[in-house]
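Taking it in order: structure first as structure tokens, then the write-up.
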Amino acid sequence: MSPQHPIAIVGGGPAGALAAALLADSGRHVLLFDEKLAWEKPCGGGLTHKALRQYPFLADAGRESNPVEHCELISPSGQRVRFHMQYPVAIFSRLALNGLLLERARRGGVDVRHERVTRIERASGDWQLVTPEHEYKASYLMLAAGARNPFRSQFLPPIPPGDLMVTAGYFIPGHRSLMQIQFLKGITGYIWVFPRLDHASAGIAAKMGEISAAELRRILEKWLEKNGFHFDGARFYSHILPSFRAQTFETLEVCGDGWAMIGDSAGLVDPITGEGLYYALRSAELCAGALLAGEPDRYRSLLRDEVLAELKLAARVSQRFYSGQIFGDSVLERMVSLTAQSASFRDLMSDLFAGIQGYRDLRARMYRILPSVMAEGLAGTLRWPWADSRFAADPFAES
């Protein structure tokens, strides 16, 4: 890297803003570009206990978030169960979260540019970034502008439809305290209601090509009306999310000569839950750390070992999770019924929502709690997708 030029980060969302702040805190000159700066993004906005523990300054920003302790799961057939989450989920509006992280970056000395980058080129080992206002040179380039940012194709192949999810939803005014997840029959996705401070983000997600966007919206509106939500003052939104298949994670390149991708730009979203905020923040931290250590290529191995291994495993079991059958019933139906009947299983679900129960050791924990679940009257019902002979390869084994 040429020390006379700054590090350029394109995208001022959570990943870009955190990476910029970490680099600036260590004395690096950082240019952060975002044409919108803090803006509302169509997603739930939930930060898990794992994320808050890793980034305590976000936990300290309690006035900006709504701590939610109760969750309702609804199976495709309509079976409902509510349970208490031991570690509340802090639900932010993305406007507030992005603004908080950007302000932290500014205070740390980041040069934040409210400009749209229109062209990026490499010349003589440096990067040239062009905006309608100016031209800039940078020694290193970090892309943090989402999965479908126009510059991703300069480094990686376009994301195919099979690796994307379509979302649609509404921001609905009003205060609520219950997080809701409704699983749907025949759809690889779900309806969510995430209560923020003064409104709820209520949305629906499905694999691209599985169902039309218009039909998704119709299903969501029908569900909201049935469950007592009103559309007075509500704002509609739609968005595209990465939801990579296992083979995509296997071959994913996240960095190269003088460049790296973090957050959604790298496709770092859980294919089962759609959760991406923790992975955005963690990838930013890992990438910044590798740069500060003078080993930018080490970001690849750090991300592979900690993040990609977990997401790849989630991708392997995603289809079985959403469409698998257990003794004539679906995995989703069994999961909701187990949550309703077993305190041990509710503890497991609480830890999954907290982010402190990962996929890699989930199978081992299931075996540990099996006696308790059986003692609670559930003998013979605990049979997950990996127990099916048609899925003989253990999806939670280390690869």
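The values are calculated or read from the model by the stated rules, or taken from the named source; none is laboratory data. Keep in mind that this is a model prediction, so the values were computed, not measured. Here the Cβ is made from the backbone with ideal geometry for all residues, glycine too, and neighbour counts use every protein chain on show.
Quick notes on this one:
- Long-range neighbours under 8 Å by Cβ, at least six apart or interchain, first residue modelled with pLDDT of 95 or more within region 277-300, second of a type in the set (Lys, Arg) and surrounded by fewer than 21 Cβ atoms within 10 Å (Cβ to Cβ): Tyr278/Lys50; Ala290/Arg298; Leu291/Arg28; Leu292/Arg28
- Some residue of region 194-208 being outside any strand (DSSP E or B), of a type in the set (Ser, Thr, Tyr) and in the same structural domain as Arg235 (by TED's automatic domain parsing): no
- Counting only strands (runs of 3 or more DSSP E) that sit completely within region 63-125, those holding 3 or more residues that are β-branched (Val, Ile, Thr) correspond to 80-92.
- Candidate set from region 48-94 (those that are in contact with a Gly (Cβ under 9 Å, 6 or more places away or on another chain) and under 22 Å from Thr167 (Cα atoms)); member that is surrounded by the fewest Cβ atoms within 10 Å (Cβ to Cβ): Pro76
- Scanning region 91-121 for residues that are of a type in the set (Ser, Thr, Tyr) and at pLDDT below 95 yields a total of 1.
- Matching residues in region 126-147 - criterion: being in a loop (DSSP other than H, G, I, E, B) and surrounded by fewer than 16 Cβ atoms within 10 Å (Cβ to Cβ): Pro132, Glu133, His134
Here's the yes/no breakdown for (1) among the basic types (Lys, Arg); (2) out of contact with any helix residue (DSSP H, G or I) (no Cβ under 6 Å at 6 or more places or on another chain):
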| site | (1), (2) |
| --- | --- |
| His199 | no, yes |
| Ala205 | no, yes |
| Met208 | no, no |
| Ser212 | no, yes |
| Glu215 | no, yes |
| Ile219 | no, yes |
| Lys226 | yes, yes |
| His239 | no, yes |
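- Of all residues in region 148-160, those satisfying the criterion of being out of contact with any Leu (no Cβ under 7 Å at 6 or more places or on another chain), part of a loop (DSSP other than H, G, I, E, B) and of a type outside the set (A, V, I, L, M, F, W, C) are Arg148, Pro150, Pro157, Pro158, Pro160.
- Filter result (surrounded by fewer than 21 Cβ atoms within 10 Å (Cβ to Cβ) and assigned to a helix (DSSP H, G or I)) within region 23-47: Asp25
- Only one of the numbered conditions (1) in contact with a Ser or Thr (Cβ under 7 Å, 6 or more places away or on another chain); (2) of a type outside the set (Ser, Thr, Tyr); (3) under 28 Å from Ser344 (Cβ atoms) is not met by Glu40, and that is (3).
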